[in-house]
Amino acid sequence: MNPFAYSRPTDIDAALTQIAANGAGDTALPSTAGPTPVPDLAPAVNAATPAAANQYEVRFVAGGTNLLDLLKEGVMVAPKLVDINRLPLDRIEETPDGGLLLGALARNADTAYHPLVKERYPLLADAILAGASPQLRNMASNGGNLLQRTRCYYFYDVATPCNKRTPGAGCSAIGGVTRQHAILGTSEHCIATHPSDMCVALAALEAVVHVQSARGKRQIPFAEFHRLPGDRPDIDTTLAPDELITHIALPPAPQFAGHSAYLKLRERLSYAFALASVAAALDIAEDGTIRAARIAVGGVAHKPWRIPQVEAMLQGQRPSDEVFGRVAEALLSGAVGRGSNNFKIPLARNAIVRALHVASRGTVTNWNVSTETNEGENQ
């Protein structure tokens, strides 16, 4: 692990002054999100510094559950770390319209077990509890969860070429071991997947990411926060190098609280990343028809995969294998396997159908089987 300077500011302005050393970069980079996510819509980005995205001068650190591993392995470099744990960004607050504002420094476990999250957004609580382990959820921050890097084997192995680590070096995963890799939204430069469970639920709930820099504040719709790889897979998000995530806003969604499900398929029951995951939420009328739907798929692309036009296919329909199957096929249109991950296409299709059936019968949670406790969350 390379030596680094370390500071612990106590107010947001002081933290932003330090991160300003990175510069604004390509501020407000467009995401590759659109009505139909297509890999070749990913924009080119100024590549004056070949590995700029992995070599920023200053980095924020909160829980450090991913960043410290990357620094130890030499995957990322940070001459200076700014510890933001003392900033006043750890609260979870109700908004006047009935939504919630999640502090970026609130821990994942505290968020999952918060009474208002459990009551109004059980889909989010369930997704968080499906990720990592109790110890990691007690440490990991909400903002950090959004920024975690892919778990591609080749990205972590500095002895192999990787465009995400060093643009232009090549993608070792293409033609290599691809069991964990993407089937949607890939490019010739990268086939990595986004690892988060929490982000899949946030995509389905249409969250909004609040960010701040010395230049001001802005809000980023969740669909525009993460990017597809395009020709710059080293840039995962539209967050500028000098920006800090301050909050994640959840719009009111009472219509989905009673019919939601998060389904995660993985190699083992816990502490494993998704081969495929689905966040499904339905608004079902008294006559049994579907008024609205939200579906996001994880483990299959460089960002949570969601297509609102496909969700609209469920409006006015009654839950059935046939209807859900058509939706699954549309969501996975264009999916391409690369040998050892070919199985992901039928796996994801079946997961979508199953998650929609579970959601149609009522919200299912895993709160009661977790080993976490309120005391443990605050350690």
- [ ] Check Ala274, Ala296, Ala249 and return the single one that is buried (at least 24 other Cβ atoms within 10 Å of the Cβ) and out of contact with any Asp or Glu (no Cβ under 9 Å at 6 or more places or on another chain).
- [x] Ala296
Open item on the list: Restricting to region 58-87, give me the number of residues that are out of contact with any helix residue (DSSP H, G or I) (no Cβ under 8 Å at 6 or more places or on another chain) and assigned to a loop (DSSP other than H, G, I, E, B).
Closed with: 4
TODO: Please determine, by comparing only the residues of region 329-364 that are closer than 19 Å to Asp126 by Cα and surrounded by fewer than 17 Cβ atoms within 10 Å (Cβ to Cβ), which one is modelled with the lowest pLDDT.
DONE: Val364
TODO: Kindly indicate the residue of region 93-121 that is aliphatic (A, V, I, L, M) and assigned to a strand (DSSP E or B) and also nearest to Met198 (Cα to Cα) among those meeting that condition.
DONE: Leu102
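Okay, residues lined up against (1) more than 18 Å from Leu250 (Cα to Cα); (2) within 20 Å of the chain's Cα centre (by Cα); (3) of a type outside the set (Gly, Ala, Ser):
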{"site": "Leu68", "(1), (2), (3)": "yes, yes, yes"}
{"site": "Leu87", "(1), (2), (3)": "yes, no, yes"}
{"site": "Arg91", "(1), (2), (3)": "no, no, yes"}
{"site": "Glu94", "(1), (2), (3)": "no, no, yes"}
{"site": "Asp110", "(1), (2), (3)": "no, yes, yes"}
{"site": "Gly144", "(1), (2), (3)": "no, yes, no"}
{"site": "Thr160", "(1), (2), (3)": "yes, no, yes"}
TODO: Residue by residue through region 129-144, note down the ones that are assigned to a helix (DSSP H, G or I) and touching a strand residue (DSSP E or B) at 6+ places or on another chain (Cβ under 9 Å).
DONE: Leu129, Arg137, Asn138, Met139, Asn142, Gly143, Gly144
- [ ] Would you confirm whether any residue within region 170-177 is buried (at least 17 other Cβ atoms within 10 Å of the Cβ), closer than 30 Å to Thr246 by Cβ and at pLDDT 95 or above?
- [x] no
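Can you find a residue in region 185-204 that is over 26 Å from Ala328 (Cβ atoms), in contact with a Ser or Thr (Cβ under 9 Å, 6 or more places away or on another chain) and not in a helix (DSSP H, G or I)?
Scanning region 185-204 turns up no residue that is over 26 Å from Ala328 (Cβ atoms), in contact with a Ser or Thr (Cβ under 9 Å, 6 or more places away or on another chain) and not in a helix (DSSP H, G or I).
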Open item on the list: Among the residues in region 129-138, are any at positive phi, of a type in the set (Gly, Ala, Ser) and touching a residue at least 24 places away in the same chain (Cβ under 8 Å)?
Closed with: yes
Open item on the list: Take the conditions within 19 Å of Leu239 (Cβ to Cβ), β-branched (Val, Ile, Thr), assigned by TED's automatic domain parsing to the domain that holds Ala62 and not in a helix (DSSP H, G or I) and apply them to Thr150. Does it pass?
Closed with: yes
Task: Single residue of region 15-41 satisfying the filter (more than 30 Å from Ala312 (Cα to Cα) and either in contact with a Cys (Cβ under 7 Å, 6 or more places away or on another chain) or surrounded by fewer than 15 Cβ atoms within 10 Å (Cβ to Cβ) (or both)) that is modelled with the highest pLDDT - done: Thr17
Task: Residues satisfying the stated conditions in region 244-276, i.e. assigned to a helix (DSSP H, G or I) and either in contact with a helix residue (DSSP H, G or I) (Cβ under 8 Å, 6 or more places away or on another chain) or closer than 18 Å to Arg179 by Cβ (or both) - done: Pro254, Phe256
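The values are calculated or read from the model by the stated rules, or taken from the named source; none is laboratory data. All values derive from a computational prediction rather than experimental measurement. Backbone-built Cβ (ideal geometry, glycine too); neighbour counts: all protein chains shown.
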